[in-house]
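Enquirer: Next up is a structure, given as structure tokens.
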Amino acid sequence: MIDLPFLKSATRQLAGLDISSSSVKLVELSGGDKGAYKVERYAIEPLPRDAVVDGNIASLEPVTEAIKRALRRFGGGVKNVAVALPSSSVITKKVILPAGMRETEMEFAVEGEANQYIPFALDEVNLDFQEIGPAASSPGDVEVLIAASRKDKVEDRVAVAQAAGLKAVIVDVESLATESALELVSAQLPQRGRDQVIALVDVGATVLTVTMFRNGQSIYSREQAFGGNQLTQDISRQYGMSFEEAEAAKRTGSLPDNYARDLMRPFMDSLALEVSRALQFFFTSTPYNQVDHVVLAGGCAVMPGLGEIVGARTQVDTIIANPFASMTLGSKLRPKALLADAPSLMVACGLALRRFDA
């Protein structure tokens, strides 16, 4: 029943493969002692529109071809990858179990717990668990994270990796991979973000996700239908381009002089308003009344001046996510390019970190 390594330890050679709705991203890290990581290489390849819809791979071939292009840019040498499922495809639940259980006993207990929370037959899902640590509220017990997803969701990710000549040795959850990368970003904050509320704002192609963290734990999450595709559609209409041409022009910056004033600035103002609204929802639905930092991630995060606009609207210290800030870079990497791409590489970075799991 527990037959796929959702959360298990990694292998010595591993790259993170993030398949999002707009692109595939590959990241490979190496490292020595004390978390001294090095970015060996990375690649981003755009996907055709509707190849991945709502986190589901709708068309296998274009995704496979994009991964193959990314691998060619990598220069080969990668066989094992960690991939991730969107959080919407995974049911996660933390449960309390007695400490000291043998692996087989814990598997049996997890399956019993899972039956209560999973609205499918257990033979239709991939199920895994990971012991987090001692239960704070229950001495002598441990906290265990259970993760489950329908088998077809898992098999799609495994199959597309295999079609590109790769082996998916770990299937993670995007939110958990992001948490791993956020730890690296939080280390750049005052007091390393300790006892502070950090709002991670991930602006994807179609969805804006705001997740609140405190001391590495997610305490609130909200999704809103807002993303970079809206700006692409505006560009398409304004300049008479196809969606694909507009997306390419947005990425390369090859747009008329009035673009920044007429389209980009109103989009950034709207984005800042969405973030401000998400913070208000957080305050009204939780005991918290303060956010200490906003961290902007996703492809839109590097739009010039966005951090300042969001910071002014929310009145919260705002930074652009860069999980690679304290890492050394491989000789072939261009620091300026990596800085621009870093906010969109959070999931891929978190997946690549699985290589160093104990």
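The values are calculated or read from the model by the stated rules, or taken from the named source; none is laboratory data. Everything quoted here is computed from the prediction, not taken from an experiment. Cβ atoms come from the backbone with ideal geometry, glycine included; neighbour counts cover every protein chain shown.
Enquirer: Please go through (1) in contact with a helix residue (DSSP H, G or I) (Cβ under 7 Å, 6 or more places away or on another chain); (2) of a type in the set (A, V, I, L, M, F, W, C); (3) part of a helix (DSSP H, G or I); (4) within 25 Å of ALA225 (Cβ to Cβ) for ALA84 and return the number of the only condition it doesn't satisfy.
Expert: Unmet for ALA84, out of (1) in contact with a helix residue (DSSP H, G or I) (Cβ under 7 Å, 6 or more places away or on another chain); (2) of a type in the set (A, V, I, L, M, F, W, C); (3) part of a helix (DSSP H, G or I); (4) within 25 Å of ALA225 (Cβ to Cβ): (3).
Enquirer: Could you grab me the full set of residues in region 16-43 that are of a type outside the set (Ser, Thr, Tyr), at negative phi and not in a strand (DSSP E or B)?
Expert: The answer is GLY32, ASP33, ALA36.
Enquirer: Okay, next question. Return the residue satisfying two criteria in turn: it lies in region 220-244 and is among the aliphatic types (A, V, I, L, M) and surrounded by 15 or more Cβ atoms within 10 Å (Cβ to Cβ), and of such residues it is farthest from HIS293 (Cα to Cα).
Expert: Among them, the one singled out is MET241.
Enquirer: Follow-up. Counting only residues that are small (Gly, Ala, Ser) and free of Cβ contacts under 8 Å to residues at least 40 places away in the same chain, which one in region 89-117 is nearest to SER137 (Cα to Cα)?
Expert: GLY100
Enquirer: Quick test of your reading of the structure: GLY307 fulfils all but one of (1) assigned to a helix (DSSP H, G or I); (2) in contact (Cβ under 8 Å) with a residue 24 or more places away in the chain; (3) within 21 Å of LEU182 (Cβ to Cβ). Name the failing condition by number.
Expert: Only one criterion is unmet by GLY307, namely (2).
Enquirer: Only one residue in PHE324, PHE282 is farther than 21 Å from THR206 by Cβ, modelled with pLDDT of 95 or more and within 17 Å of the chain's Cα centre (by Cα), so which one is that?
Expert: It is PHE324.
Enquirer: Report yes if ASN215 is at pLDDT 90 or above, surrounded by fewer than 21 Cβ atoms within 10 Å (Cβ to Cβ) and within 25 Å of ALA340 (Cα to Cα), otherwise no.
Expert: Criteria not met by ASN215.
Enquirer: Go through (1) surrounded by fewer than 23 Cβ atoms within 10 Å (Cβ to Cβ); (2) modelled with pLDDT under 95; (3) of a type outside the set (A, V, I, L, M); (4) at positive phi and name the single condition SER331 misses.
Expert: Every listed condition holds for SER331 apart from (4).
Enquirer: Which residue is nearest to the chain's Cα centre (by Cα), if the candidates are limited to region 251-279 and must be exposed (fewer than 12 other Cβ atoms within 10 Å of the Cβ) and among the polar types (S, T, N, Q)?
Expert: The qualifying residue nearest to the chain's Cα centre (by Cα) is THR252.
Enquirer: Sticking with this one: Considering only residues that are of a type in the set (Asp, Glu) and touching a helix residue (DSSP H, G or I) at 6+ places or on another chain (Cβ under 6 Å), which ones fall in region 227-259?
Expert: ASP234, GLU247
Enquirer: If you go through region 230-247 one residue at a time, how many are without any contact (Cβ under 8 Å) to a residue 60 or more places away in the chain and hydrophobic (A, V, I, L, M, F, W, C)?
Expert: Result for region 230-247: 3.
Enquirer: Would you confirm, using the coordinates I've provided, whether VAL201 is within 21 Å of the chain's Cα centre (by Cα), modelled with pLDDT of 90 or more, crowded, with 22+ Cβ neighbours inside 10 Å and assigned by TED's automatic domain parsing to the domain that holds MET268?
Expert: Criteria met by VAL201.
Yes or no, residue by residue, for (1) in contact with a Gly (Cβ under 7 Å, 6 or more places away or on another chain); (2) under 30 Å from ASP234 (Cβ atoms):
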{"site": "ASP269", "(1), (2)": "no, yes"}
{"site": "VAL275", "(1), (2)": "no, yes"}
{"site": "PRO287", "(1), (2)": "no, no"}
{"site": "GLY299", "(1), (2)": "yes, yes"}
{"site": "MET303", "(1), (2)": "no, yes"}
{"site": "GLU308", "(1), (2)": "no, yes"}
{"site": "ARG355", "(1), (2)": "no, no"}
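Yes or no, residue by residue, for (1) assigned to a strand (DSSP E or B); (2) crowded, with 19+ Cβ neighbours inside 10 Å; (3) not polar (S, T, N, Q):
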residue	(1), (2), (3)
SER88	no, no, no
GLY112	no, no, yes
ASN115	no, no, no
ASP128	yes, yes, yes
GLY133	yes, no, yes
VAL154	no, yes, yes
ASP172	yes, yes, yes
ALA177	no, yes, yes
LEU184	no, yes, yes
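Enquirer: Scanning region 44-65 for residues that are among the charged types (D, E, K, R) and at positive phi, which turns out modelled with the highest pLDDT?
Expert: So the residue we want is ASP50.
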